[in-house]
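Everything on this sheet refers to the single structure shown next.
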Amino acid sequence: MLINTSNLSALFTGFKTAFTTGFGAAAPAYKQIAMVVPSGTREEQYGWLGQFPKMREWLGPRVIENLAAHGFTIKNRDFEQSIAVPRNDIQDDRFSIFGPMFTEMGRSAAELPDELIFGLLGNGFTGACYDGQFFFDTDHPVKAADGTDTSVSNTQGGAGEAWFLLDTSRAIKPLIYQERMPLNHLVSKDKETDDNVFLNKEYIYGSDGRCNVGYGLWQLAYASKQPLTAENYEAARAAMQSQLGDAGRPLGIKPDTLVCGPNNEGAVMRLLNNGSRIVLAGADDTPVAVQNEWANTAKPLVTQWLLAA
C-alpha cells in the first residue's frame, strides 16, 4: 500500500469497523445486576445509599427522611489498551492480518464492565460497602423497631466456591457501574510526524475510557459458600426475604437472580431449570424423583468473570 494520508485514513476506518464489530458482538451481563450511573466528574458520592425508601401512612406533618451521610464515594479510574502496527506491514499490504486483533480489542472493551462488576461481587467478602462493613458480612448495623442497634447477616458461611442470590428487580441494584467516558471508541497515532512513526516506524491504535464500580445496597445481595443444593438455596431465599430495614420495616426483597461461576453451572441449571430433582428416600436412601419446587424461581447467571475475584 502506498503510504499517504488518504490510504491511512481508509485503513483506520477499516480498523474502527473491526473494533466496532467486536464491541457489538460481546454480550456483557453487568447491567443485569448493576445500576449504571453516568458520572460528570472525577468522583461521585453515594451518601443516599444509607436510606432505603419506604412509604408510610400520612398522619400529621410529613416526616422528612434525611439522606444518611455515609461519605461513600466512587472515584473514576482510567483504562486503556493499545497496539502498534509496523509501517512495513502496511507498505507490504499485510494489514489484513490485524483485523481480528482489532475485533478482539472491541470485544475486550465491551467486556471490561463485566470483569469489574463480577470481580467486585466475588470480592464482597473483603470489600467494604457504604455502612463500613464488608459487603457480605454477619453484622450489618440496622435499627430495630425500638431504636436499638441490631446486626443483620447477608452471608450463609461455608468454605466452598461462592454463589450469590440477588434482587435485581429495582432501580437501585446490588452493585454500581459508574461511567465517566465510554469505552466504545478507537483512536490513532498514524501521522508521519508522530514520534512513534518517525522513530519506530509504527502506527499506534488504542481505546480508552474512564469508569469504576462500587457496592450498592447490601440488602439486595446474599452470598453463600455452602454447596449449591436445594436446601441451602431455600435457606438463602428465606434469610434474604426475612430481612428488615430500620425500624423493623419489611423491605420487600425478591430474590430473582442466582450468580455463580463455571464450577457450579451444573448445580444451578439442575436447581432452577429442571422440572424434577432427585432426593434420597427411605432407610436405604433410595434415589427418588420428586417435583422441583425451585424451578424458575430465579434466573441463573453463570459467569467466568467471578474467577477474576
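The values are calculated or read from the model by the stated rules, or taken from the named source; none is laboratory data. Please read these numbers as outputs of a predicted model, since none were measured by experiment. Here Cβ is always computed from backbone atoms with ideal geometry, including for glycine, and neighbour counts include all displayed protein chains. Please note that ligands, DNA and RNA were not included when accessible areas were found on the heavy atoms of the full protein model with its side chains. Shrake-Rupley method; radii C 1.70, N 1.55, O 1.52, S 1.80 Å.
Cα axis of helix 230-241 to longest principal axis of the chain: angle in degrees, 0 to 90, nearest 10? Tilt of helix 230-241: around 80 degrees. Legend: calculated FRET efficiency, Ser6 to Lys31, from the Cβ-Cβ distance at R0 = 41 Å, rounded to 0.05, equals 0.55. Per-residue 3J(HN,Hα) values for region 182-195, derived from phi via the Karplus relation 6.51 cos²θ - 1.76 cosθ + 1.60 with θ = phi - 60°, read x, 9, 9, 9, 10, 10, 9, 10, 10, 7, 4, 8, 5, 4 Hz in sequence order (x marks Gly and Pro). With only the Cα atoms considered, region 157-309 has a convex hull volume of 195 Å³ per residue.
For region 208-309, state which GluC sites (Glu not before Pro) are in a DSSP loop and have at most 15 other beta carbons lying within 10 Å of their beta carbon.
On the way: sites: Glu231, Glu234, Glu265, Glu293; in loops: Glu293.
Qualifying residues, ordered by number: Glu293.
The charge dipole of region 232-309, taken about its Cα centre with unit charges on the Cβ atoms of Lys, Arg (+1), Asp and Glu (-1) only, comes to about 260 debye.
For Tyr203, the residues whose amide H sits under 5 Å from its own are Val85, Arg87, ignoring neighbours fewer than 5 places away on the same chain, with H placed 1.01 Å from N. Largest mean-square fluctuation among Asp114, Asp78, Asp92, in a Gaussian network model of the chain whose springs join Cα atoms under 10 Å apart, belongs to Asp92. What the phi angles of region 109-126 give under the Karplus curve with 6.51, -1.76 and 1.60, with θ = phi - 60°, is a coupling list of 5, 5, 8, 4, x, 4, 4, 6, 5, 6, x, 5, 4, x, 8, x, 7, 10 Hz, glycine and proline written as x.
At a probe radius of 1.4 angstrom, the accessible area of region 194-257 per residue rounds to 39 square angstrom. For the residue pairs Lys75/Lys173; Lys173/Lys254; Lys143/Lys299; Lys75/Lys299, alpha carbon separations beyond 22 Å are given by Lys143/Lys299; Lys75/Lys299.
Which of rounded, prolate or oblate describes region 110-171 when judged by the alpha-carbon gyration tensor and an a/c cut-off of 1.5?
On the way: a/c = 2.26, a/b = 1.73, b/c = 1.30.
Prolate shape, in that a/c is at least 1.5 and a/b is the bigger ratio.
In the chain, a dipole from Cβ-located charges (positive for Lys and Arg, negative for Asp and Glu) runs towards its positive end, and of Thr17, Pro250, Leu2 it is Pro250 whose Cα lies farthest in that direction. Remark on Val213: its backbone amide H falls under 5 Å from those of Gln178, a criterion applied only to residues 5 or more positions apart or on other chains, H modelled at 1.01 Å from N.
Derived scalar couplings between HN and Hα for region 12-25 equal 5, 4, x, 5, 5, 4, 5, 4, 5, 4, x, 4, x, 6 Hz in order, rounded to whole Hz, by the Karplus curve 6.51 cos²θ - 1.76 cosθ + 1.60 (θ = phi - 60°), x for Gly and Pro.
Dimensions of region 244-309 based on its C-alpha atoms, expressed as ranges along the principal axes with the largest first, amount to 48, 35, 20 Å.
Asn200 to Ala295: extension gain in nm, 0.36 nm per residue of separation minus the Cα-Cα distance?
Numbers: separation 95, 0.36 × 95 = 34.20 nm, distance 6.01 nm.
Gain in length upon complete extension: 28.2 nm.
The amide H of Phe72, built 1.01 Å from its N in the peptide plane, has Tyr46, Gly47 as neighbours under 5 Å, considering only residues 5 or more places off or on other chains.
Assigning unit charges at the beta carbon (Lys, Arg +1; Asp, Glu -1) and nothing else, what dipole magnitude in debye, to the nearest 20, does the chain show about its Cα centre? Present the calculation step by step, with values, prior to reporting the outcome.
Details: 26 positive and 35 negative charges, 144 e Å.
Dipole size: approximately 700 debye.
Taking every alpha-carbon pair within the chain, the share separated by more than 24 Å comes to 62 percent.
Given +1 on the Cβ of Lys and Arg, -1 on the Cβ of Asp and Glu, and no further charges, what dipole in debye does region 59-182 carry about its Cα centre, rounded to the nearest 20?
On the way: 10 positive and 18 negative charges, 77 e Å.
With only Lys, Arg, Asp and Glu charged at Cβ, the dipole is about 380 debye.
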